[in-house]
Amino acid sequence: MTKNSDQLNIINAEHLHTAIDHQGVATITLTRTKVRNAFSADTINHLLTTLAVLKHDPAVKILILRAQGEHFSAGADIKWMKDIAKLGYQDNLSDAVQLAKLMDKLNQFPKPTIALVQGACFGGAIGLVACCDIALATTTAKFCLSEVKIGLIPAVISPYVVTAIGPRQARRYCLTGEVFSAEQGLEYGLIHQIDDDLDTLSTPFINALLNNSPAAMQAAKALINDITNHVINDTLIADTSQRIAAIRVSNEAQEGLDAFMNKRKPDWSKE
């Protein structure tokens, strides 16, 4: 772990690199460029460990997931998949549970998350993107739910992918294994914006997130996750009423309301 003016903390692990800058923006970068950033069991375990560290680090305000090289990720490492397929059901179940846990931890990560995608984003990598709050891609990014081409299915990523692109598009692309473009990803809801300069494209999002209440954003993420696909009934109405009442009396809400009334910036704002 090192320190300098731009990066407060640097966490290095095999297959990925993590840095936290002076604003509290943590960036996880996939670094297996020789295999198009395909991930293996080791990559999954390193990501799980890193997410756990960043989740509890008060210095971290935003998480960015990106990759070195020409491609975001080719998905699961084929050699790893071939090796694990030779083992028994129980070993394969344990392996699948680890990937499912990674998707869940990224999806439930309490701080805002942004995926920056270039080149190929295939298979399980689409799950990583779908688990992030905001997804940005280059105009030449390509997406593919390619599992059926090798006799598999996109099982553990399916809840997040279907939530992102809807069951109608999921039926098509999970069955055909077609490649779809960044423009199509934008149309389907997987991607929010596209531009070839991902750093410039992400800057307004980062600035907006850094100026919002951290506690409110965390509560908003939990709210969205908890109410998605729930029937609007008395239980849900009572739950959402309790949530707004609780956050209204919180310290950050009191600070935010006071700042607004007095035409000043709240104490969490970076401006």
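The values are calculated or read from the model by the stated rules, or taken from the named source; none is laboratory data. Source: prediction; values computed, not measured. Cβ atoms come from the backbone with ideal geometry, glycine included; neighbour counts cover every protein chain shown. Only protein heavy atoms, including side chains, enter the accessible area calculation; ligands, DNA and RNA are left aside. Shrake-Rupley method; radii C 1.70, N 1.55, O 1.52, S 1.80 Å.
Here are the numbers for this structure:
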item: Cβ-defined net charge surrounding TYR160, 15 Å radius [Lys, Arg +1; Asp, Glu -1]; result: 0
item: Quarter of the Cα convex hull surface for segment 33-80, i.e. its orientation-mean projected area (nm²); result: 3.8 nm²
item: Cα long-axis angle, helix 89-107 against the chain (0 to 90 degrees, to the nearest 10); result: 30 degrees
item: Compactness of segment 19-136 - radius of gyration and Dmax, Cα, Å; result: 14.3, 47
item: Global geometry of segment 210-253, whether rounded, prolate or oblate, following the gyration tensor of its Cα atoms and the 1.5 cut on a/c; result: oblate
item: From phi via Karplus (6.51, -1.76, 1.60), per-residue ³J(HN,Hα) for segment 27-34 in Hz, x at Gly/Pro; result: 10, 9, 10, 6, 10, 8, 5, 5
item: Full-extension gain in nm, GLU187 to ALA216, via 0.36 nm per residue minus C-alpha separation; result: 7.6 nm
item: ASP234, ASP258, reordered so the largest accessible area comes first (probe 1.4 Å); result: ASP234, ASP258
item: Dipole of segment 90-157, positive direction: furthest Cα of ALA135, ILE150, PHE109, with charges on the beta-carbon; result: ALA135
item: Shape call, segment 118-252: gyration tensor on alpha carbons, a/c limit 1.5; result: oblate
item: Angle in degrees between helix 214-227 and the longest Cα principal axis of the chain, rounded to the nearest 10; result: 50 degrees
item: Candidate residues LYS86, LYS270: accessible-area rank, largest first, probe 1.4 Å; result: LYS86, LYS270
item: Rg/Rh ratio calculated on Cα atoms of the chain (Kirkwood radius); result: 0.99
item: The chain: most fluctuating residue of PRO154, PRO167, PRO204 per GNM, C-alpha cutoff 10 Å; result: PRO204
item: Segment ARG171-ASP267, extension gain: residue separation times 0.36 nm, minus the distance between their alpha carbons; result: 29.9 nm
item: Amide H within-cut-off set for LYS142, under 5 Å, with H built and near neighbours excluded; result: GLY119, ALA120, CYS121
item: Rounded, prolate or oblate (a/c below 1.5 giving rounded, otherwise prolate when a/b exceeds b/c) for segment 86-151 by Cα gyration tensor; result: oblate
item: Accessible area per residue in Å² at 1.4 Å probe, computed on segment 145-237; result: 59 Å²
item: Which of MET217, MET103, MET261 is most accessible, then next, and so on - probe 1.4 Å; result: MET261, MET217, MET103
item: Solvent-accessible surface (1.4 angstrom probe) belonging to ASP42, in square angstrom, nearest 10; result: 80 Å²
item: Apportionment of accessible area to carbon and sulfur, segment 160-199, percent (1.4 Å); result: 48 percent
item: Rounded to the nearest 10 Å², the accessible area of TYR173 at probe 1.4 Å; result: 0 Å²
item: Degrees between helix 41-55 axis and first principal axis of the chain (Cα, 0 to 90, nearest 10); result: 0 degrees
item: Cross-link table LYS79/LYS149; LYS55/LYS101; LYS55/LYS142; LYS61/LYS221; LYS34/LYS55, entries beyond 18 Å C-alpha to C-alpha; result: LYS55/LYS142; LYS34/LYS55
item: With all protein chains modelled, accessible area of ILE224 [1.4 Å, Å²]; result: 100 Å²
item: Alpha-carbon centroid distance for the pair segment 159-184 / segment 118-152, whole angstrom; result: 10 Å
item: Relative contact order (%) - criterion: Cα under 8 Å, at least six apart; region: segment 131-271; result: 25 percent
item: FRET E, pair ALA259, LEU152, Förster distance 45 Å, beta-carbon r, rounded to 0.05; result: 0.30
